[in-house]
1. Residues in region 11-25 that are over 22 Å from Val69 (Cβ atoms) and part of a strand (DSSP E or B): how many?
2. Can you report the number of residues in region 13-36 which are within 20 Å of Tyr59 (Cβ to Cβ) and not small (Gly, Ala, Ser)?
3. Out of Asn49, Asn14, Asn61, Asn38, I need the residue that is at pLDDT below 90 and surrounded by 10 or more Cβ atoms within 10 Å (Cβ to Cβ). Which one?
4. Could you tell me which numbered condition Thr60 fails, if it satisfies all but one of (1) in contact with an Asp or Glu (Cβ under 8 Å, 6 or more places away or on another chain); (2) not in a loop (DSSP other than H, G, I, E, B)?
5. If Arg70 passes every condition in (1) at pLDDT below 90; (2) in a helix (DSSP H, G or I) but one, which one does it miss?
6. For region 34-52, how many residues meet the condition of being farther than 14 Å from Ile64 by Cα and in a loop (DSSP other than H, G, I, E, B)?
Amino acid sequence: MKITIKDGKEYVDNGKSGSYNQLCRLYTLDDGSKVTVNQVVKKIAGCTNTCARARLKKYTNPKIIYRPVRTQATAQGRYQPRSEMLNPQTWYIDPLVKLMLK
């Protein structure tokens, strides 16, 4: 692995061929290991490139970088129908709905 230094930052060849061959940023962690964004993405389940890049820019502690990704609460998972909401089968029977539709 050949390391190239540009503007004080370390880069390594991404290993792809043709027009996809570019330099990838190499980050040094507190324990002395050097990782790229793609290596962090492969090691953490459910991690995206954006998430890994943000962690590597903000932290150098490997425990924080390699911690599991929190799952996002989706609208579907967060939605709990309340009893005071209108029933989709009988909404037209409610007197307030009839008043509203007049």
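1. Summing the residues that are over 22 Å from Val69 (Cβ atoms) and part of a strand (DSSP E or B) in region 11-25 gives 4.
2. The total comes to 11.
3. After ruling out the rest, the residue left standing is Asn14.
4. (2)
5. All conditions pass for Arg70, except number (2).
6. 4
The values are calculated or read from the model by the stated rules, or taken from the named source; none is laboratory data. This one's a predicted model, so the numbers in the text were calculated from it and none came from an experiment. Methodologically, a virtual Cβ is constructed for each residue, glycine included, from the backbone with ideal geometry; neighbour enumeration extends over all protein chains shown.
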